[in-house]
Amino acid sequence: MRILGIDPGLRCTGFGVIEKVGEQLRYVTSGVIKTAAAKGQDTEDLPARLKIILEGLQQIIQLHQPEQVAVEKVFVNVNPQSTLLLGQARGAAICAAVLNDLTVAEYTALQVKQAVVGNGHAAKEQVQEMVKRLLNLPAAPQADSADALACAICHAHGGQGMGKLATAGFRVRGGRLV
């Protein structure tokens with residue numbers, strides 16, 4: 001099974017493609033789609049930035065032919081405007097998958113970190129190091145790429161059911177539902 005993990009962001013959208021063969025995970029590719037304009041250009045053109053995300057992910061999907069997509073869910077920020085903008089970037093990412101008839105699974109950052117590091121409150125550096133180890137990479141990937149690869153790893157490690165867990169009436173404590 002080939003999985004595309006996506007860490008949506010308006011300035012930088014991380015992506016990572018892995019393959020699961022039996023219980024083994026194999027790195028295929030990863031990177032970042034940058035939408036921040038060059039100096040002197042308008043950096044606030046939201047529709048243009050969303051188009052860059054959509055087209056960039058469609059190219060990745062066509063090139064690497066994933067069978068499933070795992071996307072990190074948006075958490076509510078202190079700044080509601082930032083949360084709304086991030087949600088739009090996430091929507092563009094989901095649209096890229098849906099336009100290619102791919103199944104989309106969604107995971108919270110807590111679920112991803114729990115699945116990859118074993119601690120839902122792990123630091124970014126811990127996620128990067130575990131992604132490096134789990135995929136036998138020579139160096140830790142850049143933060144946005146590592147988050148996307150971690151999302152794909154979460155899905156590969158049985159996360160298919162995690163995104164569908166009924167969480168009504170439960171709280172999260174120490175990275176676990178209680």
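Can you list the GluC sites (Glu not before Pro) in segment 14-115 that are in a DSSP coil and have 13 or fewer other beta carbons within 10 angstrom?
E23, E44, E67
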Averaged per residue, the 1.4 Å probe accessible area of segment 12-111, protein heavy atoms only, in Å², is roughly 56
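The values are calculated or read from the model by the stated rules, or taken from the named source; none is laboratory data. Predicted, not measured: the structure shown is a model, and the values here were computed from it. Cβ sites come from the backbone with ideal geometry, for glycine too, and all protein chains shown count toward neighbours. Only protein heavy atoms, including side chains, enter the accessible area calculation; ligands, DNA and RNA are left aside. Shrake-Rupley method; radii C 1.70, N 1.55, O 1.52, S 1.80 Å.
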